[in-house]
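Just so it is clear, none of the values below were taken in a lab; they were calculated from the coordinates. Everything numeric in this text was worked out from a predicted model, so none of it was measured. In this analysis, Cβ positions are derived from the backbone assuming ideal geometry, glycine residues included, and neighbour counts consider all displayed protein chains.
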Amino acid sequence: MRLENGIAIKASQLSQSFRRADGQLVDALSSVNFEVLKGQFVCLIGPSGCGKTTLLQIIAGLLLPSSGILEVGNQVVTRPSPERGMVFQKDSVFPWMRVINNVEYGLACRGVGSGERRAIAEHYLERVGLAHVARAWPRELSGGMLKRVAVATVFANGASVLLLDEPFGALDYVTKRHLHNVLLTLWAETGRNKPRTVLFVTHDVDEALILADRILVFHTGRIVDDLALVAPRPRTTDTLLMPQMVQNKHLLLAHLGLETKQAGTGATSSIVRAAND
Amino acid sequence: MGRKSRRRGILRIDPVGIFGVFLLIMIWQALTLALPPSSLPTPSSVVARIGRDFIRAEELSFYGLADTGLLNSMIYTATNVMIAVALGSLVGTIAGFVTARFHNVRAILDPIVMTMGTIPILVLAPFFLIWFGVERMSAVLLVVLYVAVILYIFAQRAADNLDPVYEEYAYTLGASSKRIVWDILIPGTVPQVLGGIRIALAGAWGLEAIAELLGAQYGIGKIIQVLAGATDVQGIFAALIVLGLVAVISDGLAALVFAHVAAWSAAARPGGN
């Protein structure tokens, strides 16, 4: 079975269940179906334990699904590949390699010559604003800088699918906003030569609205909503105030249980609700 | 910024430490006033004895140790310690890594290794002397055993504690299984394994000396055994001080080398472990 042109990721009846320590079987994903277009920036949002991270691990090839098929490109995913780069929630930058060696590690694994990979690594370090710490040890860097290193590494490695698992969750607001810009800039720049499909897991509604072309909402292992965001880029504070964005925000907040859903319309609004009271 | 101060720290000699040594010598000197030289020789006489026995010790030839001195005995002992620590560390570390990954192997090896580690050297030494003779082999293997047990535990724990996220990350970057071992497992556990080697090295000097005491032809332990038979307290002190100095210097050198090899780790700071 070959994927149609233009489709980067396809999940068919994807299910994953775990046996908890107490012996109970828990469904992390139940019969999930979706397709992601090449070059699309997709945010996965949902409450904790809704299966977002599990899905990312399956796409990365770090976990085999209990049932169903996941295809990336034209192939069924069975193991990790440098075509699917991942930025983990935890700090995964290798503390025993200098920053520059971290960024070029994937290229070294694939046998890229030392001069060429050094040039590529230096380019991406410069793009994320870390050229000055190329020779530093990771422990000398702040949390935000480590995330920049991880982002530079996946881009340097040339993956066509980028999987980001709450990458900026632990960062302060300012650092997070800077990293959004870094990520979007690199995504747009490198996308001109080769489309980069991004799957970005987050809890943060504003983050999803700033970043995504499309938002998939997860709840208890299922996709419960699929929103397309057509707002132009680059998105600013004003973009988030556009009526459709505000409406999407209310919808997402309702999905996360932070606002109540309005019967009938499916849309929600705390303002409307306040007026009704 | 922390890096510069650490560089200076390696070569710095702690004045409090020097004061401690000075204090010990003072107490020693004071005690000699109360005790006869046959029980406790003065510090200066022991230093003089080290000088006299350094290349060739006349007294030792009376007890069947012809043409030997503190220097070449110390070299013999040090060589054995180095061979034993190198061999034991290699065997113990590999076994520790393997058992961290393969739970069946661990289930088999853990009880055996833990039991071996608890056997007192005085119980084990006679068996080794019977099996391997009174040559170098016996003492070396005895020390290898204890070093391997220590490194087995340290390497296993280090591999257990290494966050699996590094391995997963490496796989997503395109690393092969072989690369995972060389680029992730080994460097990621280096600080703890080197810490284990340092502890094993410190203990190895004592174990080697005991092994030589119990049965050997050469070495500092052999000298101590012979002089103990002649109740030559001054000679024993001289041998012990040479052994102690070499042990302290080797530990300092090991610390320097390890601080360099594991420079990335916060634990590599001198005095940090």
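Order by neighbour count: A:THR202, B:THR189, fewest other Cβ atoms within 10 Å first, most last.
In order of increasing Cβ crowding within 10 Å: A:THR202, B:THR189.
How far is helix B:233-261 tilted, in degrees, relative to the longest principal axis of the Cα atoms in chain B, given as a value from 0 to 90 rounded to the nearest 10?
Rounded to the nearest ten degrees, it is 20.
As an exercise, use a Förster radius of 35 Å and the Cβ-Cβ distance of A:HIS123 and A:VAL174 to find the FRET efficiency, rounded to the nearest 0.05.
Efficiency computed from Cβ-Cβ geometry: 0.85.
Tilt of helix B:70-101 relative to the longest C-alpha principal axis of chain B, in degrees (0 to 90, nearest 10)?
20 degrees
Can you figure out the FRET efficiency of A:THR236 with A:SER142, using R₀ = 25 Å and their beta-carbon distance, to the nearest 0.05?
0.45
Among B:MET137, B:MET74, which comes first, second and so on when ranked by fewest other beta-carbon atoms within 10 Å?
B:MET137, B:MET74
If I model a spin label as a point 7 Å beyond the Cα along the Cα-Cβ vector, how far apart are those points for B:VAL21 and B:ASP67 in nm?
Simple spin-label model gives 3.5 nm for this pair.
Taking only DSSP H segments of four or more residues, each worth -39500 (n - 2.57), what value at 222 nm results for the protein assembly as shown once the sum is divided by all its residues, to the nearest 500 deg cm²/dmol?
-18000 deg cm²/dmol
Taking loop as defined by DSSP and a crowding limit of 12 other beta carbons within 10 Å, which trypsin sites (Lys or Arg not before Pro) in region A:132-181 fit?
Those satisfying the criteria are A:ARG135.
Of all trypsin sites (Lys or Arg not before Pro) in region B:20-83, which ones are in loop regions per DSSP and have a Cβ with at most 16 other Cβ atoms within 10 Å?
When the trypsin sites (Lys or Arg not before Pro) of region B:20-83 are filtered for loop state and at most 16 Cβ neighbours within 10 Å, B:ARG56 remain.
I need to check one value: relative contact order of region B:73-268, counting alpha carbon pairs closer than 8 Å and at least 6 residues apart, in percent.
Relative CO of region B:73-268 lands at 28 percent.
Helix A:243-255 against the longest principal axis of chain A: what's the angle in degrees, Cα atoms only, rounded to the nearest 10?
Roughly 80 degrees between the two axes.
For chain A, what is the percent of antiparallel DSSP beta bridges, rounded to the nearest 5?
If we restrict to bridges inside chain A, about 55 percent are antiparallel.
Rank these for me by crowding, B:LEU24, B:LEU240, going from fewest to most other beta carbons within 10 Å.
Sorted ascending by nearby Cβ count, the order is B:LEU24, B:LEU240.
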